[in-house]
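Here the structure is laid out as structure tokens; the discussion comes afterwards.
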Amino acid sequence: MSTAAKEQLRVVIVGHVDHGKSTLVGRLFHDTGMLPDGKFEAIEEMCRRRGMPFEWAFLMDSLKAERDQGVTIDTSQIWFNHGDREYVLIDAPGHREFIRNMVTGASNADAALLLIDADQGVRSQSRHHGYLLQLLGVRQVAVVVNKMDLIDYDQEKFRAIEQEYRSYLEGLGVTPTCVIPISARDGDNIAAPSENLSWHSGPTVLGALAGFAPPVGNEDAPLRLPLQDVYKFDDRRIFAGRVESGGFKVGDELLFSPSNRTAHVASIEAWNAPAPVTQASAGASIGFTLTEQIFAERGEVISHVDDAPIETDVFHVRLFWLADRKLAIGDMVTLKIGPASVRATVEQIERVIDVDALTDRTADSVARDEIADIVVRTAQLVAIDSHQDLPRTGRVVFTDRHETLGGGIASMDDYPDQRDMVTVRATNVTAEAHRVTTAQRIERNLHNPGVLWFTGLSGSGKSTLAMALEQRLFDQGYQVYVLDGDNVRGGLNANLGFSPEDRAENIRRVGEVAALLADAGVIVITAFISPYRADRERARAAAGDSFHEIYIEADLETCEARDPKGLYKRARSGEISEFTGISAPYEAPDKPDLIVDTAAQDIEACLDQLAAYIAEKFRRS
């Protein structure tokens, strides 16, 4: 088999500083006869000039600073051919100061060799590296226990290390493919079994590499092509980028997200191609032209219409924080998603994870080298995928003034895809103008119209207050009507369930109906949990200046103690999934027009507060 036709596997080599990663690679090349002619002698001469023993690591450590300090600073890559495979070996730095380069090295790996020093045993950094591999989606991990010569090839000490680290990885959901005792310096169990380790019946390092499963192809996944740039060439506008997954061909209709523009592919422009190219698949860096002239910017994600990425402005991130300064709730950062950059706010720190103990704790900040689950809100809609579905477009990087602060993987648990909420599909629609004006309706009703949008947890008192307020306002001569959650779901929204997307659509419909009623001159009171801030903002946009967000505030403990419908009890028992406040998020209003605290006031006091607000904002004499 020719080299060009060989299967390629990317293997990252990670471990604590001085555990012997670079030495392992150098010895692997030597023992398989893969060292370039003269390379061994060159390393030997370098060591002689420096007055030091022969050092295999110099094969990989190509930077002068690394040779001086004995530390791998940047990720080095070297191609290694053996059997029917070509391996890209990525030597990732293990020193704490260079952990971000380790993350970079592992981010695109298909498998990993994770080194542990037999004399030092499992250290905190070893656990961090194992957790990072799991975090980045590397599931094929062979653990290599190096420097067995320092413990006299002791089988019992090796077994203790093996058991401890296997247990840790399995706690992460990762089962190591094998655990191998070696001495990289002396070549034990690198390419051939060692007499010093005759009690080991498993593979050598070379055997572990051969045993890794081939990488899963991205060709059959949905098309994702982050747009890198748009070039004007001759009379053509060429859209350029790398196909991260899936593929497309000339004539396909493509969707650009988050702008939601569509166009058909006119041609595919490939550099130095011997013949015209009619299709492109995962891994290809290409350009293409469109039959329609559309405006698209760097960072948009290109897909097919029927299998598009998520559009959202809020999502979860499992974050690894690299910066010296702490990350706190409310902090503003620049978020990079592929080539796109967007401003974002840390809205919530859900938990900080203890990587050593695999436990978590609540916190209001994330310190350097800590891993945390957080919620971020972007300043505009972004196109993204959940990492578990499409890893290449489910990663995010936190930056500030070109400095990398941290990285992580995205998930949409309990948050809706907002694409359908912002996509307008109706065409050839012309709104008819009313002959009765808003001013005439106000003159007839003697009050301004509007939408009083009650939001709050289940059990906070929204429906109770809405119905009581409706009666009081009606008795005072107001044109008033209540839209209540349960009532609306019995008719207008009877076809909707309780998934994040259905909840968002439920609120979208209610927001439009409320805006129509307000346009008819009515004061509309809505009583909906409406947990997502973006949905309430869309309702505000529909009603315009007549929208009033009223936060019916009560803490979870108070609401759960009331539990008028027994829903909290059922949610706690697992009978109801995705229940707001328990297993699904509630995003409290940031700047509501009015806060009514039902935990601190009785019903009459709350009604008086609401009636006073109505008199101030709506009454016309």
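With respect to the chain, whose longest principal axis is taken over its alpha-carbon atoms, helix 124-135 is tilted by about 60°.
Treating each Cα of the stretch 257-386 as an identical point scatterer and summing with the Debye formula, the log10 of I(q)/I(0) at q = 0.19 Å⁻¹ comes to -1.06. Around the Cα centre of the stretch 310-413, unit charges on the Cβ atoms of Lys, Arg, Asp and Glu (plus for the first two, minus for the last two) sum to a dipole of about 340 debye. For the stretch 356-414, the list of trypsin sites (Lys or Arg not before Pro) that fall in a loop by DSSP and count at most 13 other C-beta atoms within 10 angstrom reads R401. For the pair R325 and W79, the difference between a 0.36 nm per residue extended length and the Cα-Cα distance amounts to 84.8 nm. For helix 500-519, what angle does its Cα long axis make with the longest principal axis of the chain, in degrees from 0 to 90 and rounded to 10? Rounded to the nearest ten degrees, it is 30.
Pairs from the list K232/K336; K462/K565; K21/K147; K569/K591 with a Cα-Cα gap above 20 Å: K232/K336; K569/K591. With θ taken as phi - 60° and the Karplus curve 6.51 cos²θ - 1.76 cosθ + 1.60 applied, the whole-hertz 3J(HN,Hα) list for the stretch 173-183 is x, 10, 9, x, 5, 5, 10, 10, x, 9, 10 Hz, x standing for glycine and proline. By DSSP, the beta bridges lying fully in the chain are antiparallel in about 65 percent of cases. Compared with the dominant principal axis of the Cα atoms in the chain, helix 39-50 is inclined by about 90°. For the chain, with the dipole built from +1 on Lys and Arg beta-carbon atoms and -1 on Asp and Glu ones, taken about the Cα centre, which of L517, H387, S530 lies farthest toward the positive end? Selected residue: L517.
For the stretch 316-385, the pair-distance distribution built from all alpha carbon pairs, in bins 5 Å wide starting at 0, is 4, 17, 26, 26, 15, 9, 3, 0 percent. Overall, the stretch 273-316 carries a charge dipole of about 300 debye about its Cα centre when +1 sits on the Cβ of Lys and Arg and -1 on the Cβ of Asp and Glu, all other atoms neutral.
Counting Cα-Cα pairs of the stretch 225-307 in 10 Å increments starting at 0 gives whole-percent bin shares of 19, 60, 20, 1. Rounded to whole Å, the principal axis extents of the Cα atoms in the stretch 386-508 read 60, 43, 37, largest first. Of the trypsin sites (Lys or Arg not before Pro) in the stretch 254-330, the ones in a loop by DSSP (not H, G, I, E or B) with at most 14 other beta carbons within 10 Å are R325, K326. Here the peptides 601-611, 307-317 are ranked by packing, the mean other Cβ count within 10 Å, and the order with the highest first is 307-317, 601-611. About its Cα centre, the dipole of the chain is roughly 1000 debye, where the only charges are +1 on Lys and Arg Cβ and -1 on Asp and Glu Cβ. Note on the chain: helix-only mean residue ellipticity at 222 nm, from DSSP H runs of 4+ residues weighted -39500 (n - 2.57) and normalised by residue number, equals -8000 deg cm²/dmol. Size estimate for the stretch 433-617 follows the Kirkwood approach: the inverse of mean 1/r over distinct Cα pairs works out to 16.9 Å. Ranking G251, A543, G283 by Cα position along the charge dipole of the chain, where only Lys, Arg, Asp and Glu carry charges on their C-beta atoms, puts A543 farthest toward the positive end.
Pairs of Cα atoms in the chain fall into 20 Å distance bins, from 0 up to the last occupied one, in shares of 16, 40, 29, 12, 2, 0 percent.
Coordinate-derived values only; no laboratory data. Only a predicted model underlies this, so the values are computations on that prediction, with no experimental measurement involved. Ideal geometry is used to build each Cβ from the backbone, glycine not excepted, and the neighbour counts take in all protein chains shown.
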